[in-house]
Amino acid sequence: MQTNNLSDWAMSAEEGQLSVDVFRDGDMLVIRSLVAGVAPDDLDVSVHGDLLTIRGKRHMEQESNAEDWFYQECYWGSFSRSIVLPYHVAADMTQAQLKNGILEVRIPIRTDGKQVKVKWG
């Protein structure tokens with residue numbers, strides 16, 4: 001899952017940050033994050049060595065005038081999160097799944113790592 005505007009995300013002055021859960025499930029490292037409202041094509045997940053990076057963009061579906069709002073607590077726009085992984089992982093075997101607004105990334109734990117693009121499944 002990737003968007004064509006990755007360079008726009010990196011240049012954004014205001015960028016939201018994701019909350020994540022990171023835990024071990026047997027020989028797998030699992031990272032979960034709530035990304036409700038984000039289309040799969042607007043997500044990019046990559047692993048480089050011991051660093052996992054999640055980037056994305058949440059689009060507001062309806063534009064309104066500022067004076068029409070009573071509350072605006074939801075974050076709209078670009079977000080990213082980089083996590084130093086607590087184990088060496090098999091980056092080339094990373095899998096990601098987006099279900100019911102929850103992103104789950106599963107990475108086998110091993111003693112070496114390399115940069116790869118994540119396969120979605």
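What follows draws every value from the coordinates through simple rules; no lab data is involved. Treat the numbers as computed from the prediction; the structure is a model and nothing was measured. Here the Cβ positions follow ideal geometry from the backbone for every residue, glycine too, while neighbour counts run over all protein chains shown.
Could you tell me whether Gly37 is assigned to a loop (DSSP other than H, G, I, E, B) and under 18 Å from the mean Cα position of the chain (by Cα)?
Yes.
Between residues in segment 67-93 that are outside any loop (DSSP other than H, G, I, E, B) and residues that are hydroxyl-bearing (Ser, Thr, Tyr), which pairs lie under 6 Å by C-beta distance while being six or more apart or on different chains?
Ser78/Ser12; Ser82/Thr53
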